[in-house]
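Accompanying notes for the structure given below.
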Amino acid sequence: MSVATHSPVAPLFSFAFLLNPEPTLAWLRENDPLHALAGTDLIVLTRYEDCAAVFIEPAFTAAGGQARRVEASGAPVSMLNTDGPQHHSLRRPGAALLGPPALRRVLPGLAAAAGAVVAPLHSGSDLTRDVSEPYATRVLTTVLGIPPDQVASFDRHARAVAVALDPMPRPASARAGQDAVAALHAFADELMDAALAGSPLAQLAASGLDRPDALGIITLATVGGWSPLAELTTVAVHRVLGDPELRARIVREKGFAARWCEDAIRWHTPIPFVSRRADRDVALPSGIVPAGTQVLVHIGSADRDPSGFDAPGEIRADRDHPRDHLAFGAGPHYCLGAGLVRAALPVLLTTLLSAHPQIALRAKPLVWQASAFPRRPISTVLDLA
């Protein structure tokens, strides 16, 4: 394990880092890949090969890595903070709700969701408020089978629980997150009781899980899905509308949008880091992580590592191994919603460009908010003339 004595770049999680993290992450990858975060007992991993190794090494546990977050936020038991048999018992019904069978079921609904979002747009519409966030709501209500008359209520709950994404919340944020999760549970509990036979929520209710565990799956899908998908959508639309050749290829070339979106997911990596704890000494490519160490796996840095990706600062549709990125994790905790995101983003882009061929951005540069988790773009206004 290496510890840098002096760094010429902004410290991790400083204001300057939040505005532009890449100079710091690049320096750490080169000089201090197992970085002891000042003022904490955390080790931050920034190289692709180290981050990838952690995800497939059983000695790095999610339960241990998430223990402090659970204590600080009151987060319920979920696939995010469990391992082994307990994780697998939650993952099976979660896969039925979000995995490949569910994806095949909802594909036609994604086109309808995109169409419903795109149709009312006008000059002056806001990219995030009027496109990205409504689309995230419609994607999740489609896959969860939320009744149409409850979509607006789900949207309110999804916005409220977004605060629970914070891995180490301040006390006020933790209380707000707990209250929002409790309200979402009450809402989802009523929906499950009233769900029609054969619907996704009815199947989840009949899966054999205790009701709190079933509600935890809905909460994880909402907290981990709504805000990250909305932010990814804003980033992708912004990049596409700013590049005339790119937008033309998305409309003209079948399959191009999906290939480009895959690398946009890598480039943005909506959830930039996750936590693990080493239950024993573990040898990583860059050094030894001692037993008991809390590890912050910076997958946003890993996905910009030149040792893993040529020209990592570019979004390219021609990579030889486009799914080698870690934006969805890897190993036993691989994101169940990966297929849904991969399907939903190209549908939105192609629908938007087909419906509004002249659509443009009023503000061209992509500017970021000063936030670390998730990394949030500042929205912009659209012109349809």
Item to complete: Taking the Cα centre of the chain as origin, sum charge times position over the Cβ atoms of Lys and Arg (+1) and Asp and Glu (-1), and report the length of that vector in debye to the nearest 20.
Response: 540
Item to complete: Out of all DSSP beta bridges with both ends in segment 15-383, state the antiparallel percent to the nearest 5.
Response: 80
Discussion item. Just to be sure I understand the model, the point goes 7 Å from the Cα along the line to the Cβ. What's the resulting Ala112 to Ala291 distance in nm?
Written reply: 5.6
Worksheet entry | Distance in nm between pseudo-label sites at Ala360 and Arg342 (7 Å out along the Cβ direction from Cα) | 3.6
Practice prompt. In Å and from the alpha-carbon atoms only, list the Rg and Dmax of segment 141-263.
Written response: 18.0, 51
Fill in: Peptides 281-292, 156-167 ordered by average Cβ neighbours within 10 Å, highest first
156-167, 281-292
Worksheet item: So what are segment 15-383's ellipsoid semi-axes, whole angstrom, largest first, if each one is the square root of 5 times an eigenvalue of the alpha-carbon gyration tensor?
Response: 30, 28, 19
Worksheet entry | Burial order of peptide ranges 190-196, 87-93 (average beta-carbon count within 10 Å, highest first) | 87-93, 190-196
Worksheet entry | Spatial separation of Cα centroids for segment 344-385 and segment 252-291, in angstrom | 24
Discussion item. Could you tell me how far the Cα centroid of segment 192-220 sits from the Cα centroid of segment 51-126, in Å?
Written reply: 15
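None of the figures in this text is laboratory data; all of them are computed from the coordinates on show. Just so it is clear, the structure is predicted and the values come from calculations on it, not from any experiment. Positions of Cβ are generated from backbone atoms using ideal geometry, with glycine treated the same way; all protein chains shown enter the neighbour counts.
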